[in-house]
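A short write-up of the structure that comes next.
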Amino acid sequence: MAVHTIWDYITRPIAKTIDDVPWCAEAISPDWLTAVLCNGIQDARVTSVEICGGDQGSSVRRNIKATYNGAGKNAGLPENLFCKTTPTVLTRLATGLSAAGEARFYRQIRPELNIEAPICYHSAWDRITGRSVHLFNDVVVTKAARFCRWQTPISRQQAEQIVDTLAALHSRYYDSARFASDLKWVRTFEDFFHAGERVGLQGCHERAMIQAEEVIPPDVSRRRMEIWPSTIKALELHSKGARTLLHSDVHLGNWYITGEGRMGLCDWQCLGTGHWARDLSYAISTTLAIEDRRAWERDLLKRYLEQMREQCGLATTFDEAWDLCRQQLFPALLMWTPTLVHTRTTPDMQPEVMSLEMIKRITAAISDLESFSIRA
């Protein structure tokens with residue numbers, strides 16, 4: 001993979017046909033976009049491509065402006081686009097097989113979901129080179145959306161929308177037989193976790209708990225060596241009961257708010273199967289300010305359970321669900337401590353202020369809900 005990446009930087013190949021996987025956004029040509037976006041539209045062509053900026057983390061994200069000829073304009077083809085590529089060794093290592101999973105999500109699963117999420121026009125991944133590309137509608141332009149940051153306030157109504165989105169996702173695939181057939185390719189949450197474990201997840205977590213000590217409640221900090229075994233214990237839940245489809249990385253930064261006020265969910269690269277409490281506890285603990293979470297979490301759980309009961313027949317009492325969510329806070333924390341202190345093969349995925357805020361919120365929930373007692 002490193003050799004292919006170096007070769008890309010030396011030769012800087014331009015993507016021209018639909019079979020090409022652009023190594024970076026700047027490699028996207030009018031011919032490639034024509035092949036991707038104008039298929040089936042007679043005489044339509046992309047005449048120019050403008051790369052307009054963006055940011056980076058586990059992938060490199062860029063905004064794209066496409067200009068069409070008359071036939072393309074008359075057909076109303078999308079002009080404002082957003083793409084994710086993996087031009088560096090670290091981004092290719094960080095995405096790995098998840099790039100293929102995200103591509104298959106947008107091709108196969110996204111059309112089945114009635115939720116607010118980006119539309120993907122094209123996804124591709126090259127196993128040999130590690131290149132990947134995902135091309136979306138730019139919701140910032142098309143839906144006047146704004147992406148949530150660490151300081152974005154979430155209202156009670158928006159929190160309810162977050163819960164509703166997760167209930168729609170989870171109920172659609174709850175205990176689905178398709179996980180043994182056409183969705184067999186979706187990895188389990190346990191496999192996702194153990195992949196991180198093999199590259200040093202535990203050591204990164206333990207160093208981060210020391211580095212982030214100022215934002216962690218003292219009672220949690222004192223018991224920090226119990227977090228790893230509590231996390232391993234929490235993993236057992238996913239193999240015991242019915243599975244559903246998990247987004248699995250539902251923190252505040254992966255949500256956006258449309259101009260109409262709808263909550264949208266993006267970045268599906270951590271997709272997996274497992275217990276619904278994984279997503280719900282992670283979302284409630286990270287999207288809400290601590291005081292709001294304390295005030296609303298019980299009502300939000302009741303709302304979620306009611307929808308799951310109506311939509312897929314979930315038979316779980318509130319007390320049972322409450323304990324499950326308390327326990328799943330530990331794996332949620334393990335998404336952020338290794339983001340703050342990451343391995344050498346992982347790029348900087350989030351600003352430090354974001355990582356510290358997420359750690360602060362999750363550990364506050366662990367303290368408030370006395371999650372350590374679940375191990376007994």
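The values are calculated or read from the model by the stated rules, or taken from the named source; none is laboratory data. For clarity, every value in this text was computed on a predicted model and none was experimentally measured. A quick note on method: Cβ atoms are made from the backbone with ideal geometry, for glycine too, and the neighbour counts reach across all protein chains shown.
Computed values, structure above
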{"quantity": "Filter result (assigned to a strand (DSSP E or B) and closer than 25 Å to residue 179 by Cα) within the stretch 80-120", "calculated": "120"}
{"quantity": "Selection count where residues are of a type outside the set (Ser, Thr, Tyr), closer than 26 Å to residue 203 by Cα and in contact with a helix residue (DSSP H, G or I) (Cβ under 9 Å, 6 or more places away or on another chain), scope the stretch 247-266", "calculated": "6"}
{"quantity": "Qualifying residue in the stretch 89-101 (condition: touching a helix residue (DSSP H, G or I) at 6+ places or on another chain (Cβ under 8 Å) and closer than 20 Å to residue 263 by Cα)", "calculated": "no"}
{"quantity": "Residues (hydrophobic (A, V, I, L, M, F, W, C), within 17 Å of the chain's Cα centre (by Cα) and not in a loop (DSSP other than H, G, I, E, B)) located in the stretch 140-194", "calculated": "147, 162, 163, 166, 167, 168, 169, 189, 192, 193"}
{"quantity": "Filter pass, residue 91 being within 18 Å of the chain's Cα centre (by Cα), at pLDDT 95 or above and among the polar types (S, T, N, Q)", "calculated": "no"}
{"quantity": "Residue match in the stretch 219-233 (condition: closer than 19 Å to residue 167 by Cβ, assigned by TED's automatic domain parsing to the domain that holds residue 311 and not in a helix (DSSP H, G or I))", "calculated": "no"}
{"quantity": "Residue, farthest from residue 99 (Cα to Cα), within the stretch 172-194, restricted to residues that are among the charged types (D, E, K, R) and touching a strand residue (DSSP E or B) at 6+ places or on another chain (Cβ under 8 Å)", "calculated": "175"}
{"quantity": "Within the stretch 103-150, considering residues that are small (Gly, Ala, Ser) and surrounded by 17 or more Cβ atoms within 10 Å (Cβ to Cβ), the one farthest from residue 269 (Cα to Cα)", "calculated": "145"}
{"quantity": "Tabulated pairs, the stretch 168-184, first in the same structural domain as residue 240 (by TED's automatic domain parsing) and exposed (fewer than 12 other Cβ atoms within 10 Å of the Cβ), second of a type in the set (Asp, Glu) and at pLDDT below 95, C-beta under 8 angstrom, 6+ apart or interchain", "calculated": "none"}
{"quantity": "Evaluation of residue 270 against (1) farther than 17 Å from residue 196 by Cα; (2) in contact (Cβ under 8 Å) with a residue 40 or more places away in the chain (one fails), failing number", "calculated": "(1)"}
